[in-house]
Every structure is written in C-alpha cells, then in structure tokens.
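Right, one structure below, let's go through it.
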C-alpha cells in the first residue's frame, strides 16, 4: 500500500488507491478488517506506516470528521435510552480479553444478536474463534476472522457476518455504510497538498508538514458479496458409478463417494492446511478433515470435502480428475472407514504410524510449527519434517541412532555432503519414522 500511495500526486488519487485495494476483494468472501504496513521508525520500511480499520456507519450520517471511533473501541453506552441504534457508529473489529491476552474479535454489537454467529473453543493467539453458520453456503461453518500468515498485520473479515447491517433489502432497518478509517504517515514522501479533502463519501484530515506526510481519513467503500456458484466436481461413488457432487451430503452415510484430485493440488492446499497421517488440519481454525494421499492422487470423502470452506473447494476444481478412477483408496483407509477396523494402522507405512502418534499426542503443537508430515518431495521438506518431529518430542538425532548407514546418510544430507534422490529421501524418512516410534514405544 505504501509504495502505491507514494505514486500518487494528489490526495484524491490516494483515495482511489485505497478504494481499489478493497475493491480487489469483491470476488472474495473475506475483506481486510484491519490492515497494517510499515514502520515510521524503521529504515527497512522506508520510514513510513499505514494503518486501516473498517467501521460501519448509518447511511443518514453525514461525514463531518474522521476517525469517529477510537481504534478498536467497542460499543458505547451514554446512559440514555432515547438514542436509537441507527445513530451508532461501530468499529467492525474490537479487542477482547483471553487469558491475560487481548485478541481481535467481531464487535459484540454486531454479533451477539446474530443467530448465525457463535463462538467455539479458543485455540489460537490472534483472533477470537468465531464462526458463521449458514446452510445456504456450501459449508456449515466459516471462520469470521482470519489472521493471515498467523500475524496481526492483516486480519481478514468474513463479509457475510456484516450482511444484516449492510447487505439488506431497502425496507430493513437500520442500514449502514461500510467505511475504512486510515492513517498514513511518511517521512520519505511529502505530498504537496496541505488542505483537508472532504466530500459526501470521504473526509481526509491533512496535517502534512515539511518533514512528513500525515493523513487521517474516512472513506466509504462498496460492499460486495460474491456469487457462490455450484461446484463443478465429479465423484466416484462406492458402488462404482460416476456422478456430479452432491453438496448436501455431509456424512457419507447414505451416498458415500470419493473425490479424486491430481496431486498437484497439494501446492494449493498447503497454503492453508498441514497434512498429518490421514488428516488435513486447517491452520486458521484447527479443524481436521480426512484425506488420502496416494502416489499421484489426493482423495477426499465427499462428506468431508463438503465441510471445507467454499473458497478452498472452488480452488480445487481445476485439479479434479473428471473420469472414473480405480485404486483410489489406500488399504489403511479402506480398513478404517469401510470395515471399521480399529487396527487399521498395522497396514500403514512407518511415517504414517509416526504421524498418527503425533496427531493423537501433540495435536496442539502441529499447527504452530506448520508441521507437514506427509512424504517429502525434496531435501528441504525432508529436513524440515525431521527438525519439527525432533523439536516436538524434545529429542536429538542421536537419540534414534540404531542403523549406522541410515543415521550417517541423514547426517550427510544435513551437512550437504550427500545429494539424495527423491526415492532415497522417502526411504530415509520411513527409517527415521520407524526409529522414532521405537524410541517412544520404549519410554
């Protein structure tokens, strides 16, 4: 954002840059509720910072100033029963206390009366674990707030959570506009304008001086909910038939099906998920879905797939194997899900047995480390998996030493003294996993 603002010659151009930033999310179900960039003190950030937060304000409220709500301030109560709700301006995101920490949450004034919004057990450090339930969506639950990249520089907000206030029919009451309140300070770029810039849908307070640009503003934004198109996904039914996805199938009890994707889809999925044994864990909310990773395929049960966020499912459409497929369920998955065999793990590879152990005993740590435990494709992935496992178990590589050749080969790879093939890495990963399981089973 800062680089784009520095290309502007006027404040009006800056207004359009900021609006364009939010407009780029029109086809997304999320929009930045809080956005931060840069540091006025750090030379690495070119001595500039930009901060923005969303508010909603009544449609009949005329802009007479900027930052009408203090940052992250919740609802206000002035003791009067005569002030109507339509007079209130709300910060969309506020703070709440959670075990001595302050975490982001949706303003309670916007969520407490919404029957589609509820709070789940808190399991992360940045944002409140609020979800939106709507049977009209192609999933049961959507996280309302997402800390992108697990930090608080960009807190994404589910647009649907504001639809009762903004995206309503003309006869509903009260109605609000969505606006962004921002502050932009820059010591390296000084805009020539020094006056305030005001209209019906923006108010920019300008205190720019000779040593810095200093703008504080409120800008009205368009509120656009994307159209949710039906999924174009083909399914292999257990009975051998081939059909289009049934988006109403949530549990596979009556109409079980398997959805096959090209393994290239893992590149897309690993932006948001980690893979541990037969589980795909959402880094945003720690929800777990079953998945079967085969030699060149990734396979979901239809009921599990339907619970994934709509954006995730749409991103996978292009990888869908759109023809009847064979050999699309592994032996352990078959024993576990179709034969209810609780000893299915005896059919698993060593790395899967290790993954199962870590999933069952260290589930809370895996998302923090973004710890994928599927087969590595290259040296970096191999070393990353080994490092994470040893860190989780508080072990050293020497603790698993039993096979001199396997141990020394891993040491050579670590010290870049041996160039291994992909097949060798997979074999060594199984050796490492098997050794780990021998250590933990003897403890």
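FYI, it's all coordinate maths here, none of it is from the lab. Please read all numbers here as calculations on a predicted model, not as lab measurements. Virtual Cβ from ideal backbone geometry, glycine too; neighbours counted across all protein chains shown.
The stretch between residue 28 and residue 427, if pulled fully straight at 0.36 nm per residue, gains 139.5 nm over its current Cα-Cα span. One Cα centroid belongs to segment 400-443, the other to segment 322-338; the line between them spans 30 Å.
Of the residues 157, 419, the one with the fewest other Cβ atoms within 10 Å heads the list, and the complete ranking is 419, 157. Helix 422-442 and the longest principal axis of the Cα set of the chain meet at an angle near 80°. For the chain, the longest principal axis of the C-alpha atoms and the axis of helix 11-23 are separated by about 40°.
Here the residues 223, 242, ranked from fewest to most Cβ neighbours within 10 Å of their Cβ, fall in the order 242, 223. The structure shown yields Rg/Rh (Cα atoms, Kirkwood Rh), and of the options (i) 1.27; (ii) 0.96; (iii) 1.04 that calculated value carries the label (iii). Projecting label points 7 angstrom from Cα along Cα→Cβ for residue 404 and residue 199 puts them 7.9 nm apart.
What ranking do 224-232, 297-305, 327-335, 3-11 get when scored by the average of other Cβ atoms within 10 Å per residue, highest first? Let's see the in-between values first.
On the way: 224-232: 12.7, 297-305: 22.1, 327-335: 17.1, 3-11: 14.9.
Output ranking for 224-232, 297-305, 327-335, 3-11: 297-305, 327-335, 3-11, 224-232.
For the pair residue 62 and residue 378, label points projected 7 Å from Cα toward Cβ lie 6.1 nm apart. Peptides 337-344, 262-269, 27-34, ordered by how many other C-beta atoms sit within 10 Å of their residues on average, highest first, read 27-34, 262-269, 337-344. The helix-based estimate of mean residue ellipticity at 222 nm for the chain, built from -39,500 (n - 2.57) per DSSP H run of four or more residues and divided by its residue count, is -6500 deg cm²/dmol to the nearest 500. Between the beta carbons of residue 190 and residue 73, assuming R0 = 35 Å, the FRET efficiency works out to 0.70 to the nearest 0.05. Helix 404-414 against the longest principal axis of the chain: what's the angle in degrees, Cα atoms only, rounded to the nearest 10? Between the helix axis and the principal axis of the chain, the angle is about 20 degrees. Among 39, 24, sorting on how many other beta-carbon atoms sit within 10 Å of each Cβ, with the fewest leading, yields 24, 39. Only residues of segment 253-297 count here: report those whose backbone N is under 12 Å from the spot 7 Å along Cα→Cβ of residue 338, or say none. Flagged as within label range: 256-258.
Length available on full extension from residue 20 to residue 418: 0.36 nm per residue minus the Cα-Cα distance, which gives 138.3 nm.
Spread over its residues, the convex hull of the C-alpha atoms of segment 229-347 is 108 Å³ per residue.
Assuming a ≥ b ≥ c are the square roots of the Cα gyration tensor eigenvalues, decide whether segment 180-299 counts as rounded (a/c under 1.5), prolate (otherwise, with a/b larger than b/c) or oblate.
Details: a/c = 4.40, a/b = 2.72, b/c = 1.62.
Prolate, since a/c reaches 1.5 and a/b exceeds b/c.
Report the normalised scattering of segment 309-376 as log10 I(q)/I(0) at q = 0.18, 0.23, 0.26, 0.27 Å⁻¹, calculated by the Debye formula with identical scatterers on the alpha carbons. Rounded to two decimals, the profile gives -1.00, -1.08, -1.06, -1.06. On the beta carbon distance between residue 133 and residue 209, with R0 = 56 Å, the FRET formula returns roughly 0.65.
Taking 0.36 nm per intervening residue step and subtracting the Cα-Cα distance, what contour gain separates residue 369 from residue 246 on full extension? Intermediate results must be reported in sequence, preceding the final value.
Values: separation 123, 0.36 × 123 = 44.28 nm, distance 3.50 nm.
Taking 0.36 nm per residue and subtracting the Cα distance, the gain is 40.8 nm.
By the Kirkwood approach, averaging reciprocal distances over each pair of separate Cα atoms, segment 349-443 gets a hydrodynamic radius of 13.4 Å.
Under the simplified labelling scheme, the residue 253-residue 232 pair shows an inter-label distance of 3.4 nm, with each label point 7 Å from Cα along Cα→Cβ.
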